[in-house]
Ligand SMILES: [Zn+2]
């Protein structure tokens, strides 16, 4: 299997979505190709963040029993249980069931809204990852954090996947920039909750930019142009 063939399948491999024969062929190539090994490592960190991001928004305990009794009928293999896709499918089912069960409790419906939004965002990232034209940019700099931009230049869609990034400080936000030459374009602000991974959707024509960067700016809206040195930078 050629490098190009593997490059197109590697996100499916990272998501555990290939058949046994394909897995063996990809593994054979990985043993010989450092570039594909690095790409796989980056994708695996992203999928690990996705899996962690799902956990804190599990349905409330009272509903869990009802949901579980219905979802038990679903196919449950070892692979199915481990796959992020299945985890998300399970959450989507749980979210749908809460609606079907007709619960009107306000707190519950708020949780459901949060849950649905997170599932949708994570599904978008999974859809990104499973696109053959998807790319990953690793951001690094003066802070310790795992921050990656997953983007699909062909579809102008991307997401910043953030974990282990500390609070920016009172009244401050992190701001994302896409940079071509010397002109930075604001691409969104975010504040990670302590200990929580975060996914920030980004819609842009990524083919126009060479650099992605993060600065600390005044909240809640951020700045029109960066006012400080980026704390994280990556190449697109
Ligand atoms: Zn390769």
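A few remarks follow.
- Strands (runs of 3 or more DSSP E) fully within region 120-236 counting 1 or more residues that are out of contact with any strand residue (DSSP E or B) (no Cβ under 9 Å at 6 or more places or on another chain): 183-190
- Here residue 4 fits the description: loosely packed, with under 14 Cβ neighbours inside 10 Å and closer than 15 Å to residue 134 by Cβ.
- Within region 13-27, the residues that satisfy the criterion of being modelled with pLDDT of 75 or more and either closer than 14 Å to residue 150 by Cα or more than 11 Å from the ligand (Cβ to nearest atom) (or both) are 13, 14, 18, 19, 20, 21, 22, 23, 24, 25, 27.
- Residue match in region 36-57 (condition: part of a loop (DSSP other than H, G, I, E, B), surrounded by 16 or more Cβ atoms within 10 Å (Cβ to Cβ) and either more than 16 Å from the ligand (Cβ to nearest atom) or at pLDDT 80 or above (or both)): no
The values are calculated or read from the model by the stated rules, or taken from the named source; none is laboratory data. Everything numeric in this text was worked out from a predicted model, so none of it was measured. Here the Cβ is made from the backbone with ideal geometry for all residues, glycine too, and neighbour counts use every protein chain on show.
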